[in-house]
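Enquirer: Shown below is the structure under consideration.
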Amino acid sequence: QVHLVESGGGLVQAGGSLSLSCVASGPTSESYGMGWFRQAPGKEREFVAFIRTGSPYYGDSAKGRFTIARDNAKNTLYLQMNRLKPEDTAVYYCAGGWVLNPQNMDQYDQWGQGTQVTVSS
């Protein structure tokens, strides 16, 4: 069973940057899909980005500002977030699974505990 642990959240001013990390322990491979979701207070969990092999895939809120990457040798997933906005404030979750539809949360079978990102105006 894969275990995911996120880190890197915090408080940042609007326009700033943050980098999140997610370390995976357990049986993974390059074919194991990994993604980021986020959930703001009172809102549904939202797809942010996904990567497996090949090109990464982004949700509309992340396009042009966020970059997802993974280091398979370190079993680590990253999310570089630039030009942050107050509406990016949320708990960010790392997720993994043998995913066919990256935006479908139900296809991810492992989730991290989440890391808080707060963007002040």
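Enquirer: With the checklist (1) in contact (Cβ under 8 Å) with a residue 12 or more places away in the chain; (2) crowded, with 17+ Cβ neighbours inside 10 Å in hand, flag the one item Y58 doesn't pass.
Expert: (1)
Enquirer: Please verify whether R83 is within 25 Å of V119 (Cα to Cα) and open to solvent by 10 Å² or more (accessible area, probe 1.4 Å), treating the condition exactly as stated.
Expert: For R83, the condition - within 25 Å of V119 (Cα to Cα) and open to solvent by 10 Å² or more (accessible area, probe 1.4 Å) - is met.
Enquirer: In the list R83, R38, R70, which residue meets the criterion of being touching a helix residue (DSSP H, G or I) at 6+ places or on another chain (Cβ under 9 Å) and among the charged types (D, E, K, R)?
Expert: Testing whether each residue is touching a helix residue (DSSP H, G or I) at 6+ places or on another chain (Cβ under 9 Å) and among the charged types (D, E, K, R) leaves just R38.
Enquirer: Can you tell me which residues in segment 7-25 are modelled with pLDDT under 95 and open to solvent by less than 40 Å² (accessible area, probe 1.4 Å)?
Expert: G9, A24 - these are the residues of segment 7-25 that are modelled with pLDDT under 95 and open to solvent by less than 40 Å² (accessible area, probe 1.4 Å).
Enquirer: Tell me which residues, restricted to segment 61-71, are in a strand (DSSP E or B) and open to solvent by less than 60 Å² (accessible area, probe 1.4 Å).
Expert: F66, I68, A69, R70, D71
Enquirer: Another question about this same structure. Restricting to strands (runs of 3 or more DSSP E) lying wholly in segment 74-121: which have 1 or more residues that are within 23 Å of G33 (Cα to Cα) and free of Cβ contacts under 8 Å to residues at least 12 places away in the same chain?
Expert: So the answer is none; nothing clears 1.
Enquirer: Answer yes or no: is there a residue in segment 94-103 that is loosely packed, with under 15 Cβ neighbours inside 10 Å, closer than 21 Å to G9 by Cα, under 15 Å from the mean Cα position of the chain (by Cα) and not hydroxyl-bearing (S, T, Y).
Expert: The answer is no, given that none of the residues of segment 94-103 is loosely packed, with under 15 Cβ neighbours inside 10 Å, closer than 21 Å to G9 by Cα, under 15 Å from the mean Cα position of the chain (by Cα) and not hydroxyl-bearing (S, T, Y).
Enquirer: A further question on this structure: Which of the residues spanning segment 26-50 are of a type in the set (G, A, S), open to solvent by 50 Å² or more (accessible area, probe 1.4 Å) and touching a residue at least 60 places away in the same chain (Cβ under 8 Å)?
Expert: S31 - this is the single residue of segment 26-50 that is of a type in the set (G, A, S), open to solvent by 50 Å² or more (accessible area, probe 1.4 Å) and touching a residue at least 60 places away in the same chain (Cβ under 8 Å).
The values are calculated or read from the model by the stated rules, or taken from the named source; none is laboratory data. All of these numbers come straight from a predicted model, not from anything done at the bench. FYI the Cβ positions are ideal-geometry reconstructions off the backbone, even for glycines, and counts take in every protein chain you see. Ligands, DNA and RNA are stripped out before the accessible areas are found, and what is left, the full protein with its side chains, is counted by its heavy atoms. Shrake-Rupley method; radii C 1.70, N 1.55, O 1.52, S 1.80 Å.
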